Amino acid sequence: MLTVGRGRSCDLQLPDDDHLSRRACSLRVLDDCVLIRNDSTRKPVVVRPPAGEDRVVEPGAATTSLPFPRFALVLAGRAGTTVTLTVDASRLTSGSPPIAPRQSADRATALEQIELSAAQRRILVALCAPVLIESGPRAVPATYAQVGAKLGLQPQYVRGVVKTLREKLWGHGVHGLTPDDSDAAHDDFRWALVRWATRSGWVTAADVAGGDDAT
């Protein structure tokens, strides 16, 4: 186990910045991943994978590095500065999975229950692409204009297809897509769609790499 913080007793000592915690977090190597625990009482820790959205670990909470053997820790310093630690545990964790989102074991069942048209599939892949290939602040769902530009479609058409897709998934009870969901703000359901698609295995990095014809 390694401890991280600006305190002298920490294994990895951060810069002398009083905005950083004396004991920010600890890293413990497990069989197949690294466990990251936030040891601070007030400050969050950001785990930034090589692709995909950041994971914010609140004080007292913990997360694993799965499915990534390599990742970064980002801690906020004074006046908007940040300290970034790059962690490579690929030689310490046996049988680490490749750097790609894990596929859900339930995908076969989901495929039987939910059918997407070719247009819905292509637009969903394009919507997810930045989250699967970018990292940090750039790992956000594509806008309707960006999807339209990539696929040669009008943004309004893309919006209409996404609306139809949302209504279809809504009927299957996918969280975050119904109007009464607390995290569905301003009728922008892109994040909910992308999280469902990537976490369930409907869209993977291989689909994005396959281009517009990915199925």
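Annotation note: of L111, L85, the sole residue that is at pLDDT 70 or above and hydrophobic (A, V, I, L, M, F, W, C) is L85. Scanning the range 14-38 for residues that are surrounded by 21 or more Cβ atoms within 10 Å (Cβ to Cβ) and farther than 14 Å from A62 by Cβ yields a count of 2. Every test in (1) surrounded by fewer than 19 Cβ atoms within 10 Å (Cβ to Cβ); (2) closer than 22 Å to A209 by Cα; (3) at pLDDT 90 or above is passed by A72 save one, and that test is (2). Scanning the range 48-73 for residues that are under 21 Å from C128 (Cβ atoms), part of a loop (DSSP other than H, G, I, E, B) and not aliphatic (A, V, I, L, M) yields P49, P50, E53, D54, P67, F68. Between V203, V194, V174, the distinction of being out of contact with any Gly (no Cβ under 8 Å at 6 or more places or on another chain), at pLDDT 60 or above, closer than 16 Å to A126 by Cβ and not in a helix (DSSP H, G or I) belongs to V203 only. The single residue among D88, D11, D54 that is open to solvent by 70 Å² or more (accessible area, probe 1.4 Å), closer than 28 Å to T198 by Cα and not basic (K, R) turns out to be D88. Do we have G60 as farther than 19 Å from V29 by Cβ, free of Cβ contacts under 8 Å to residues at least 60 places away in the same chain, touching a strand residue (DSSP E or B) at 6+ places or on another chain (Cβ under 7 Å) and loosely packed, with under 15 Cβ neighbours inside 10 Å here? So G60 fits the description; yes. Taking the range 26-45 as the range and being of a type outside the set (A, V, I, L, M) and outside any strand (DSSP E or B) as the test, the residues that pass are D31, D32, C33, D39, S40, T41, R42, K43, P44. Under the condition of being more than 30 Å from V208 (Cβ to Cβ), without any contact (Cβ under 8 Å) to a residue 40 or more places away in the chain and of a type outside the set (G, A, S), the residues counted in the range 18-57 number 9. Checking P50, P67 one by one, the residue that is out of contact with any strand residue (DSSP E or B) (no Cβ under 9 Å at 6 or more places or on another chain) and under 17 Å from G136 (Cα atoms) is P67 and no other. Restricting attention to the range 146-171, the residues that are modelled with pLDDT of 90 or more, open to solvent by 60 Å² or more (accessible area, probe 1.4 Å) and part of a helix (DSSP H, G or I) add up to 6.
The values are calculated or read from the model by the stated rules, or taken from the named source; none is laboratory data. Quantities reported herein were computed from a predicted structural model and do not represent experimental measurements. Cβ coordinates were reconstructed from backbone atoms using ideal geometry, including for glycine residues, and neighbour counts include every protein chain displayed. Calculation scope for accessible area: heavy atoms of the full protein, side chains included, ligands and nucleic acids excluded. Shrake-Rupley method; radii C 1.70, N 1.55, O 1.52, S 1.80 Å.
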